[in-house]
Structure formats: structure tokens, C-alpha cells
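The values are calculated or read from the model by the stated rules, or taken from the named source; none is laboratory data. Remember, it's a predicted structure, so these values are computed and weren't measured experimentally. Note that each Cβ is placed from the backbone with ideal geometry, even for glycine, and that neighbours are counted across all protein chains shown.
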Amino acid sequence: MRTHRFFVGPSVIQGKNVVLTNKEALNQLKKVLRIDTGDNLILLDNSGKEYLVKVENISKEVLKGVVEDVKENQNEPELKITLYQAICKKDKFEWVLQKGTEVGISGFVPMITERTEKLGLNRERLEKVLKEAAEQSERGIIPKLGDAQNFEDIIKNVPENKIVLDKSGESMKNYSLTANRYTLSLFVGPEGGFTEQELELAKNYGAKIISLGKTVLRTETAGLVTAAILLNK
């Protein structure tokens, strides 16, 4: 049977001892995951380490346990992709974060472009989506969530090795990562795509304009497909 995985704050793990008092976390462990005395679970402190814990006691107020083994998570990709995703409808944006985490994306930044639907996002909700997706997909680190930023500001300031997806670009088949670079900034526009001015700005700041093929993918799909291709090269 699969051992449940759960991210906790670093103060929860105190050497060999585990003491968890967060009531929301306890409720999820006890009521949702059905964790009980004597069960094993894997706790993660968002450092990349996994702690195999045997539960000695669990109630509404506290979980106490003992660490039986510690190891490094092996599921974090060497290539660190940050997805700069144009803000879209709430359910679609949450889907991008969930599936992007499963694919192996390391960070997400909500992005405002000229054609973006400027809809509000609930940061607390998005962070919960990331945490749960990281647990489900057996990641060792929860992907980072940046603050919403304008495309123009981002494209000027992020390091080299940046891709802007657009049907007008060169084929993904011909793209290769810059040697000895392990970070990539990936830009996905809104449903209407990037404007000509935005694409020109991207080129001026060293971005590669890349196409995924003849068909046009939805904004919530394009980044995930690209990340999956690059992370599995």
C-alpha cells in the first residue's frame, strides 16, 4: 500500500521526534487520509528530504511520531523551469499549476500581457493546489509561486535561456537547450496570444520564439506540453 506523503513546516521535525499541532493539517491526516496510531507516513519539509515517520499518537490536538528513516527525494528535475503563465480563468490557472507540478515545473509566475483577462487569483488557494499536487506526484519540493507581474517587466529582467511560445516561431524540434544551463524561463500568452509588439520585445531581450506545431494549443495546455518535452529530453 502506498505510504501517504505530507508537507509540513520545518519545525515539526525535531531530530528523531515529530510533533505536529496544526489543526488543519491534523484534520486532513486524521479525517481525510485516515492516519492512525502505528501507521507510517512520509513527511516532507520542502528541503528535498523525505522523513519516514511512524505515528505514535494522533488526536485532534497533536500528532506525535518518530523518524525511522531519512533520504533525499529523487524526483526533482535537474532542469529548473519557471512557467510565466498569462492569467486565465481561475479553474484553468489552477489546472496549470496542478498539472505543471505533476510534470516537473519548478516555479510559476502569473503574468499580465496586453491581451490578458485580468482576473483576480486567490494566492492561498493556489498555494494549496501546489502543495497537494506536489504530494500526489511525489515531488520533494513544492514549486514556488511568484507574484503577478507584467510581461514587459519580466522579459527584460529574467536571465538568458528563455522561450516565448508562439505559432510564428521556429519549430520545437530544432530547439536545444544552451549548454551547461539548468534553468529555463518559459512564457505562455493568453488565448489571443502575444501581440506583435510583445514578440518583438521578447526578441530584443534574447528570447527564442518557439512553435509547438501547426495546431494552436490552449493557453492552459501549451506550457505543460513544452515542459514535458524539455524535461524528458
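Observations on the structure shown:
- Of everything in segment 74-127 that is among the hydroxyl-bearing types (S, T, Y) and modelled with pLDDT of 95 or more, the residue that is nearest to T183 (Cα to Cα) is T82.
- If you filter segment 60-73 down to residues that are surrounded by fewer than 16 Cβ atoms within 10 Å (Cβ to Cβ) and in contact (Cβ under 8 Å) with a residue 24 or more places away in the chain, you find that the one that is nearest to E191 (Cα to Cα) is E72.
To keep it simple, each residue is scored yes or no on (1) buried (at least 21 other Cβ atoms within 10 Å of the Cβ); (2) modelled with pLDDT under 95; (3) within 20 Å of K80 (Cβ to Cβ); (4) more than 24 Å from the chain's Cα centre (by Cα).
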{"position": "R181", "(1), (2), (3), (4)": "no, yes, yes, no"}
{"position": "F187", "(1), (2), (3), (4)": "yes, no, yes, no"}
{"position": "E191", "(1), (2), (3), (4)": "no, yes, no, no"}
{"position": "E196", "(1), (2), (3), (4)": "no, no, no, yes"}
{"position": "L199", "(1), (2), (3), (4)": "no, no, no, yes"}
{"position": "K203", "(1), (2), (3), (4)": "no, no, no, yes"}
{"position": "S211", "(1), (2), (3), (4)": "no, yes, no, no"}
{"position": "T215", "(1), (2), (3), (4)": "no, yes, no, yes"}
{"position": "R218", "(1), (2), (3), (4)": "no, yes, no, no"}
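- Hey, S137 modelled with pLDDT of 95 or more and surrounded by 17 or more Cβ atoms within 10 Å (Cβ to Cβ) or not: no
- Residue match in segment 81-91 (condition: on the phi > 0 side of the Ramachandran plot and touching a residue at least 60 places away in the same chain (Cβ under 8 Å)): no
- When T37 is tested against (1) assigned to a loop (DSSP other than H, G, I, E, B); (2) among the β-branched types (V, I, T); (3) touching a residue at least 24 places away in the same chain (Cβ under 8 Å), exactly one condition is not met: (3).
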